1. Could you look at region 351-430 and say what percent of its accessible area is carbon and sulfur, using a 1.4 Å probe and all protein chains?
2. Hey, what number do you get for the chain at 222 nm if only DSSP H runs of n ≥ 4 count, each worth -39500 (n - 2.57), divided across all residues, to the nearest 500?
3. GNM, the chain, Cα, under 10 Å: largest mean-square fluctuation among A77, A274, A149?
4. Provide the FRET efficiency to the nearest 0.05 for the Y56-F416 pair, computing r from the beta carbons and using R0 = 41 Å.
5. How large a share of the accessible area of region 280-331, in percent, is made up of carbon and sulfur atoms when the probe is 1.4 Å and the other protein chains stay in place?
6. Accessible area, 1.4 Å probe, largest first: how do W398, W264, W201, W422 sort?
7. Compute the long axis of helix 212-235 from its Cα atoms, compare it with the longest principal axis of the Cα atoms of the chain, and write down the angle in degrees, 0 to 90, nearest 10.
8. Can you give the angle from 0 to 90° between the axis of helix 264-298 and the longest principal axis of the chain, with both taken from C-alpha atoms, to the nearest 10?
Amino acid sequence: MSADLLMIASFLLLLLAGVPVAFSLGLAGAVGIVTGLSPAMLATLGTNTYNSIAKYPLIAIPLFILAGLVFERAGVAARLVRFAQALIGARHGGLALVAVLVCLIMGGMSGSGPADAAAVAMVMLPSMTRAGYPKPFSATLIAASASTAILIPPSVALILYSIVVPGVDLRALFAAGLFPGVLAGLALLVPAFWLSRRHGWETPGEVERPPLGESFRQAIPALFAPVLILGGLRSGLFTPTEAAVAAVAYGVVVGLFLTRELDWRGLWRLFGEAATISGVVLLIIALAGIFAWAGTMLGTFRNLAEWLIALSDNGAVLLALIMLAVLLAGMLLDAISIYLILMPILIPVMQHFEWNPVWFGILLAMNIAIGQFTPPVAVNLMVTTEVAGIRLEQTLGWALVFVIAMAAALLAVALFPEIALWLPGVLGYNL
């Protein structure tokens, strides 16, 4: 067996054996180095791991993770839910619309699907259950809606994509993700409304409508957060990394002094949680550097890319195959791992067919978003089913409905790239 195949086979076997993704990548890369290069080249392990994370834009990832945790504990989700309920009122599907809307706004604060899923599920699930929604439906809808956080800026996954793919403007990616993210949310609402009316969930008048003025005043700090982040980026006041710092600072002020649901001791614990989560993410990135370096030196990625290109001369056919492969990967792996593993292979393919890298990045993100609520792994769904106290298997039918809905949004963006590219073009970002 060649060193290329041995490295890939080692990675797959380690994953199947239950070895964490980070160590699977590092060990498989070491196998490739020993078998295809020279055992003496193991001396490069330290350099490769350091070079993988010694990149200034990566600072934004732990900061946005911290910002998401701070906003989650600051009580902004509950205030957003009350404001959305006051706007929409009680009607068939009203709470479903509230759940999707709040997830979209929360995604504009944290960029993390699981964090949004946890925050919204804690607030929304009791209300939806009292209104007659089945728990498996509610948990699946919230998990699917929270997956749009990977598209709505500031997305942690898009930050990594801008680092992995040379020459991509992160501001253009953030702008490009906005309309597809909203489109995905609207696509989820269509079956949610239809099912609500068909089954008679949430009879009008049964759900209390909060006073609009009071709920709006309480929601102002939460509503201002996306304005601060995106407005600062658009005006040039912040770089993406500085926007992450501003988001953390603003979240701390909101939690400590405005909502007062966060104290100094709780803030210290959040620093610890953010450090743990960030450590896992950065460990994956660091050890993936070994795999990437070995794959580059052995020519593995070039060979795989050439094999993909040889499958079909039709770019549309190959794009469909890639999207299917990414969807399957999204059912098993997190977004960070998918980008690190697949992008060295996909970049030559993208360049061969002259696909716009910003548009292609959004398509990948939409695919990965679908994977976040599609079993067997379905990280967002694991969070919401835990909050709901139900088994993951109970959500399979509902998950399929929302997978089809979001796949329709993905198809629309694939067929009409301007859905993603219009806004960054208007804003003057480099495409």
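The values are calculated or read from the model by the stated rules, or taken from the named source; none is laboratory data. If you're wondering where the values come from, they're calculated on a predicted model, not measured in any experiment. Methodologically, a virtual Cβ is constructed for each residue, glycine included, from the backbone with ideal geometry; neighbour enumeration extends over all protein chains shown. The accessibility values were calculated without ligands, DNA or RNA, using every heavy atom of the protein model including side chains. Shrake-Rupley method; radii C 1.70, N 1.55, O 1.52, S 1.80 Å.
1. Values: 2280 of 3460 Å².
C and S atoms contribute 66 percent here.
2. Values: 20 runs with 325 residues, N = 431.
Computed ellipticity for the chain at 222 nm equals -25000 deg cm²/dmol.
3. A274
4. About 0.75, to the nearest 0.05.
5. On the way: 1730 of 2370 Å².
Reported share for carbon and sulfur atoms: 73 percent.
6. Of W398, W264, W201, W422, the descending order of accessible area is W264, W422, W398, W201.
7. The angle comes out near 30 degrees.
8. Around 30 degrees separate the two axes.
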